[in-house]
Amino acid sequence: MGYMKAEEILPMELIELIQQYVDGRNIYIPRKEENRQEWGTGTQTRQQLQRRNQEIYEQFNAGICIAKLAEAYFLSEKSIQRILRNMRR
């Protein structure tokens, strides 16, 4: 997400009204509820994490201990335990 210049998209009257509240500061304007998307919708991250978690689960079932999995995937042992717990469901 990049920044847009207010002068390029908003009428000057609205900019002046906003300046009364936040003159020169950055603000976040949230999306309308009907335009919101779930996390990971726009990228492949969700699918990549699901594949990684499936690999972790399969390796654990093949006998690799949690400590080794944590080291191999650069995660904490607690994170590995959480992944395994979720994959069992």
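For the reader, a short list of remarks on this structure follows.
- Which listed residue, of E8, E38, E71, is within 17 Å of the chain's Cα centre (by Cα) and either open to solvent by 100 Å² or more (accessible area, probe 1.4 Å) or among the hydroxyl-bearing types (S, T, Y) (or both): E38
- Within the stretch 71-89, residues that are without any contact (Cβ under 8 Å) to a residue 24 or more places away in the chain have Cβ atoms under 6 Å from residues that are surrounded by fewer than 12 Cβ atoms within 10 Å (Cβ to Cβ) and not polar (S, T, N, Q) in no pair, counting only partners at least 6 apart in sequence or on another chain.
- Residue in the stretch 19-30 that is surrounded by 10 or more Cβ atoms within 10 Å (Cβ to Cβ) and farther than 30 Å from R82 by Cβ present: yes
- So I66, is it among the β-branched types (V, I, T), surrounded by 10 or more Cβ atoms within 10 Å (Cβ to Cβ) and free of Cβ contacts under 8 Å to residues at least 24 places away in the same chain: yes
- Flag for E55 being in a helix (DSSP H, G or I) and open to solvent by less than 100 Å² (accessible area, probe 1.4 Å): yes
The values are calculated or read from the model by the stated rules, or taken from the named source; none is laboratory data. Everything quoted here is computed from the prediction, not taken from an experiment. Cβ: placed from backbone, ideal geometry, glycine included. Neighbour counts: every protein chain shown. Just so you know, the surface numbers come from the protein's heavy atoms only, side chains and all, with ligands and any DNA or RNA stripped out. Shrake-Rupley method; radii C 1.70, N 1.55, O 1.52, S 1.80 Å.
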